[in-house]
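A quick write-up on the structure given underneath.
The values are calculated or read from the model by the stated rules, or taken from the named source; none is laboratory data. Predicted model only: the values in this text are computed from it and were never measured. Methodologically, a virtual Cβ is constructed for each residue, glycine included, from the backbone with ideal geometry; neighbour enumeration extends over all protein chains shown. The area values use the complete protein model at the heavy-atom level, side chains included, leaving out ligands, DNA and RNA. Shrake-Rupley method; radii C 1.70, N 1.55, O 1.52, S 1.80 Å.
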Amino acid sequence: MAAQAAPAEELSKLSVDETKPAPAPANGNDSDAESGDEEAEEGAAAPAAGAAKKKKKRKPKKKKKAPTSQSEPPRVLVSQLFPNKQYPKGEEVEYVNDNLNRVTNEEKRHLDNLNQEFLTDYRHAAEVHRQVRQWAQKSIKPGQTLTEIAENIEDSVRALTGHSGLEEGDALIAGMGFPTGLSINHCAAHYTPNAGNKMVLQEDDVMKVDFGVHVNGRIVDSAFTVAFNPRYDPLLEAVKAATNAGIKEAGIDVRVGDIGAAIQEVMESYEVEINGQMLPVKSIRNLSGHTINHYSIHGTKSVPIVKSNDQTKMEEGDVFAIETFGSTGNGYVHEEGEVSHYAKRGDAAKVDLRLSSAKSLLNVITKNFGTLPFCRRYIDRLGQDKYLLGLNNLVSQGIVEAYPPLVDKKGSYTAQYEHTILLRPTVKEVISRGDDF
């Protein structure tokens, strides 16, 4: 700590005491004594002058300005960019038909105002997702490994939420809502690299980038597709348009089967030419959108992406992931390949585990992920090793759900776009909407 300068009145009291006789010099020489007196006076004056100089105030250090924009790669806390917690709203869309009056209905407006903490958490998570994905869309290039791409996205999400997830329970406060899916070509979903994966993104690949961000368990689920060859543009356009058709159709009291019909009609109006062959774009009929619950990515309601007789209605307060998948293949996926995605089941029955590694791993999963999906890389970064036997035991006991990759026929190409919507009492809010899509 720097020494504090003496006040002016204290400086004026500093003087040489002339009445006090100087001690006799050791050699008894009077002239030396007189000389000593003079030197003493000069010496005493010197500190006074020095103190006077210290009187000058030091210039205060300039305070570092709070950041006003995001860095590249993203590392600035989103809460610092919005210190008043007024995070951007998503796209607000008025309800139609019988629900048109909800916008001005006082009772509905009051209910909406009761949900401010819920909306703040969701908008916070959505802004993190927007900033990370917009950077990812610019930075992802052929030649990168999938591990590098996944870790770049995940490190950015953790930095922007301010939760690294390395301390016990930290990942449950905010961070990844689920692992970064990087599914290539005929693989439509649920693929993320495990440790040691050396797969490299190629110039002619079509890659789905699907990741979630949560704040206090409010999960934003949004996905986009990356392709570098313009021949795939019609495929991407078909899926993006189909997702937007589903979002437009969605609303309170709308039947999910009707939404599926609207999605399929738009999706299958497109064709894509690959290697001189015109291929129809098909909705992948056994994939669907879904509700999102607190700390749970998959709720009980589904939104088909083909015409269906499902009469289930969307309701006020529901949170939906509207996602569509288009394919140049069969339009049907099956499970194939090494598992990377897992989640602890919220409805799992209590089981007496006999395997000690399973007991130990379950404790790690519960304290760090709860019911949020995780992948093997997330367990690795917590310092766990030799856990596969225990993990497989938890899956076989029905405590943990495994999500294998979902693939169409080899040689086909698939694309995905997805947004999260909130069916608020007054309006539909496309919470994850951005300038990019």
## Note on the structure
Among residues of the range 231-285 being open to solvent by less than 60 Å² (accessible area, probe 1.4 Å) and in a loop (DSSP other than H, G, I, E, B), the residue nearest to Lys313 (Cα to Cα) is Val254
### Query
Got a number for residues in the range 72-99 being in a loop (DSSP other than H, G, I, E, B) and out of contact with any helix residue (DSSP H, G or I) (no Cβ under 9 Å at 6 or more places or on another chain)?
3
### Summary
Ser79 fails exactly one of (1) touching a residue at least 60 places away in the same chain (Cβ under 8 Å); (2) within 20 Å of Leu423 (Cα to Cα); (3) among the hydroxyl-bearing types (Ser, Thr, Tyr), namely (2)
### Query
So which residues in the range 386-435 are more than 27 Å from Ala245 (Cβ to Cβ) and acidic (Asp, Glu), if there are any at all?
Glu401
### Identity of the residue in the range 147-163, open to solvent by less than 10 Å² (accessible area, probe 1.4 Å) and of a type outside the set (Ser, Thr, Tyr), that ends up farthest from the chain's Cα centre (by Cα)
Ile149
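Can you name every residue in the range 305-317 that is in contact with a Leu (Cβ under 9 Å, 6 or more places away or on another chain) and buried (at least 18 other Cβ atoms within 10 Å of the Cβ)?
First pass over the range 305-317, keeping only residues in contact with a Leu (Cβ under 9 Å, 6 or more places away or on another chain): 305, 314-317.
Ile305, Met314 - these are the residues of the range 305-317 that are in contact with a Leu (Cβ under 9 Å, 6 or more places away or on another chain) and buried (at least 18 other Cβ atoms within 10 Å of the Cβ).
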### Query
Across the range 100-134, which residue is surrounded by the most Cβ atoms within 10 Å (Cβ to Cβ) among those that are over 14 Å from Phe82 (Cβ atoms) and in contact with a helix residue (DSSP H, G or I) (Cβ under 7 Å, 6 or more places away or on another chain)?
Val132
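In the range 176-206, what residues are touching a residue at least 40 places away in the same chain (Cβ under 8 Å) and part of a strand (DSSP E or B)? Show your work before the answer.
First, pick out the residues of the range 176-206 that are touching a residue at least 40 places away in the same chain (Cβ under 8 Å): 176-179, 181, 183, 185-195, 197-203, 205-206.
Met176, Gly177, Phe178, Pro179, Gly181, Ser183, Cys187, Ala188, Ala189, Val200, Val206 - these are the residues of the range 176-206 that are touching a residue at least 40 places away in the same chain (Cβ under 8 Å) and part of a strand (DSSP E or B).
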### Message
So, Gly370, is that one under 23 Å from Thr291 (Cβ atoms), touching a residue at least 12 places away in the same chain (Cβ under 8 Å), of a type outside the set (Val, Ile, Thr) and crowded, with 16+ Cβ neighbours inside 10 Å or not?
### Response
yes
#### Entry: All positions within the range 164-183 that are over 22 Å from Ser340 (Cβ atoms) and crowded, with 20+ Cβ neighbours inside 10 Å
Ala174
### Task
Name the residue, out of Ser296, Ser340, Ser302, that is modelled with pLDDT of 95 or more, surrounded by 15 or more Cβ atoms within 10 Å (Cβ to Cβ), in contact with a helix residue (DSSP H, G or I) (Cβ under 8 Å, 6 or more places away or on another chain) and over 24 Å from Phe437 (Cα atoms).
Ser340
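Hey, among Ser327, Ser302, Ser296, Ser340, which residue is free of Cβ contacts under 8 Å to residues at least 60 places away in the same chain and of a type outside the set (Lys, Arg)? So that I can check it myself, show each step before the final result.
Numbers: Ser327 fails: free of Cβ contacts under 8 Å to residues at least 60 places away in the same chain; Ser296 fails: free of Cβ contacts under 8 Å to residues at least 60 places away in the same chain; Ser340 fails: free of Cβ contacts under 8 Å to residues at least 60 places away in the same chain.
Every option except Ser302 fails the conditions.
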### Message
Anything in the range 85-115 that is modelled with pLDDT of 95 or more and among the polar types (S, T, N, Q)? List them, or say none.
### Response
Gln86
### Task
Could you tell me whether the range 216-223 includes any residue that is over 19 Å from the mean Cα position of the chain (by Cα) and either over 15 Å from Ala415 (Cβ atoms) or among the hydrophobic types (A, V, I, L, M, F, W, C) (or both)?
no
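Take Glu154 and tell me if it is outside any helix (DSSP H, G or I), in contact (Cβ under 8 Å) with a residue 40 or more places away in the chain and at negative phi. Show your work before the answer.
Values: outside any helix (DSSP H, G or I): no; in contact (Cβ under 8 Å) with a residue 40 or more places away in the chain: yes; at negative phi: yes.
For Glu154, the condition - outside any helix (DSSP H, G or I), in contact (Cβ under 8 Å) with a residue 40 or more places away in the chain and at negative phi - is not met.
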